[in-house]
Amino acid sequence: MPSIEQKHNLHQHGPMHSVEETKSIILQSVDTLASENKPLIDSLGQVLSKDITSHFDIPPFPNSSVDGYAVIHSDVVSASKNSPIKLKVSHRVYAGETANFELEAGHSARIMTGAPIPKKTSAVIPFELTNENLLNLGQNTRESYTIEIHDSPSINDNIRPQGEDIKKNTKILKRGAILKPADIGLCASIGLDSIDVFQRPKVAILSTGNELLSPGEKFSSGKIFDSNSYSLYSSIIQAGGIPLILGIAKDSIESLKEKIQESFDSDMLVTSAGVSKGDYDIVKDFLSKNGKIKLWSVNMKPGKPLAFGTLKRNDQKPLPHIGLPGNPVSSLVAFHQFVRPAIYKMMGRKTIEIPTIKAILENKIENADGRRVYARVFVSNKNGKLYASLSGSQASNVLSSMSTANGLAICPENIPVKNSGEIVDVQMLGWDELETDESLQDSN
């Protein structure tokens, strides 16, 4: 029985692979990167490589949730607007101070939001429920005065208890958590300034073709500007990787070899063009001579010409290489299906699928040759229902319709047409992944 690798180590004339098969082969060939200790402030979007446990309560002491007056409940239980209770204000407590005193019967303490609660306090009365505004208090005065309480509180009103947010020795984040802004703040709240995360993969980008110019160069007849390097660079950043543009390789083995060698310190190489059946499509030929081709050609549209394999490099593990099509839309669609999941696995993410919703199709999607079609669509909400309309021409060279799309509507391989009014699955571009993994669930 042949192994998966033997089964799929096919030359360019082999059969097309399904999208799922292609993704599986690629993911089996890339590894999660090593852990690193990273400054907390720079770790947004990275994946925790170790659980995080708080070693103290948050908040670490009971504190006031309002500006007001700390009181003993029994002193003010009968207070009302028409029958206020008068208390002597004998202390003031500000945020950042300590409250090393015990509140006495008939006394109150003026207290600010976040300040620690004095002993024996059983409620805090907000300023607006007192005659505070009539007293014209000086900002720095600390002498005693009398305050009127105009309302009766419940016990523990406006007191934040110690450990209300986090209890000591609670596991607050688990290995595998993708760090969101709130997670960064949570780690900061327990005093962390660095954190253990999986490394971001370094992804080298190489465009190929004699016809290409780099943006900024002078335009000349017969040439086109290289858009793929820029869209792939941005896509890699969006996925969480660290991109490196190698430039443009000419249609020669010498030029390609020189550029590819510049990628050997990276974790993955992504090329665009050079993987179809043209006379100058040399990327897959170079790959077959200098590494191992694991698949070529995917049963999808756009994005059929796609190569995947590994390149030999001295004294290092083979370099994973994904050869994307040259047409700009094909390149981006294939990126979303295959490169993005590989980046996610490398950086330790467990949930790698693109969020998919169901929408009502407003245009016809035709599937003439039995490939899975990814149609560029714009999804909108109309009266509580989601509708998907084609965002423009579906030709694989028309990047403008990818720019105006926010999703990819799927017409399966075995369905010749999706008609207007039918329900269609849509991959939502730009959405973060649905967190279905239990790694983010609360656990003590």
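Quick note on the stretch 300-380: its Rg to Rh ratio, both from C-alpha atoms and Rh being the Kirkwood radius, is 1.06.
DSSP bridge analysis restricted to the chain gives an antiparallel fraction near 65%, rounded to the nearest 5. Cross-link list 50/317; 81/120; 385/418: which exceed 20 angstrom alpha carbon to alpha carbon? Correct reply: 50/317; 81/120.
Run the paramagnetic zone check for residue 41: 7 angstrom along Cα to Cβ, then residues of the stretch 178-199 with backbone nitrogen under 14 Å. Within reach of a label on residue 41, which here means backbone N under 14 Å from a point 7 Å along Cα→Cβ, the stretch 178-199 contributes 185, 188, 192-195. Stretching the chain fully between residue 264 and residue 97 yields a gain of 54.5 nm (0.36 nm per residue, less the alpha carbon separation). The fraction of accessible area contributed by carbon and sulfur in the chain is 50 percent, rounded to a whole number (1.4 Å probe; ligands and nucleic acids excluded).
Enclosing the Cα atoms of the chain in their convex hull gives a volume equal to 232 cubic angstrom per residue. Converting phi to 3J(HN,Hα) with the Karplus coefficients 6.51, -1.76 and 1.60 and the offset θ = phi - 60°, the stretch 205-220 yields 10, 9, 9, 10, x, 5, 7, 8, 10, 7, x, x, 6, 6, 5, 9 Hz in sequence order, with x at every glycine or proline.
Dipole magnitude for the chain: about 940 debye, using +1 per Lys or Arg Cβ and -1 per Asp or Glu Cβ, origin at the Cα centre.
Return the FRET efficiency for the residue pair residue 387, residue 227: r is the Cβ-Cβ distance, R0 is 30 Å, and the value is rounded to the nearest 0.05.
E between residue 387 and residue 227, to the nearest 0.05, is 0.55.
With r defined as the distance between the Cβ atoms of residue 217 and residue 189 and R0 fixed at 60 Å, what FRET efficiency is calculated, to the nearest 0.05? So, using R0 = 60 Å, E works out to roughly 0.75.
Rounded to the nearest whole Hz, the Karplus-based 3J(HN,Hα) values (6.51 cos²θ - 1.76 cosθ + 1.60, θ = phi - 60°) of the stretch 295-302 follow the sequence 6, 8, 5, 10, 7, 8, 9, x, with x at glycine and proline. At full extension, residue 369 and residue 55 could sit 107.0 nm farther apart than now, given 0.36 nm per residue minus the alpha carbon distance.
At 222 nm, what value in deg cm²/dmol follows for the chain if DSSP H runs of at least 4 each add -39500 (n - 2.57) and the sum is divided by all its residues, to the nearest 500?
Taking each H run of at least 4 residues, the total per residue is -4500 deg cm²/dmol.
Computed from Cα atoms, the angle from the helix 228-239 axis to the main principal axis of the chain rounds to 40 degrees.
Among the listed pairs 38/168; 38/257; 223/284; 174/294; 257/294; 23/218, a Cα-Cα separation exceeding 28 Å is found for 38/257; 174/294; 23/218. The calculated FRET efficiency for residue 151 paired with residue 404, based on their beta-carbon distance and R0 = 60 Å, is about 0.60.
Between residue 27 and residue 143, the modelled labels are 7.4 nm apart [label points 7 Å from Cα along Cα→Cβ].
The values are calculated or read from the model by the stated rules, or taken from the named source; none is laboratory data. Please read all numbers here as calculations on a predicted model, not as lab measurements. All Cβ positions, glycine included, derive from the backbone under ideal geometry; neighbour counts span all protein chains shown. Just the protein is used for accessible areas: all its heavy atoms, side chains included, with ligands, DNA and RNA removed. Shrake-Rupley method; radii C 1.70, N 1.55, O 1.52, S 1.80 Å.
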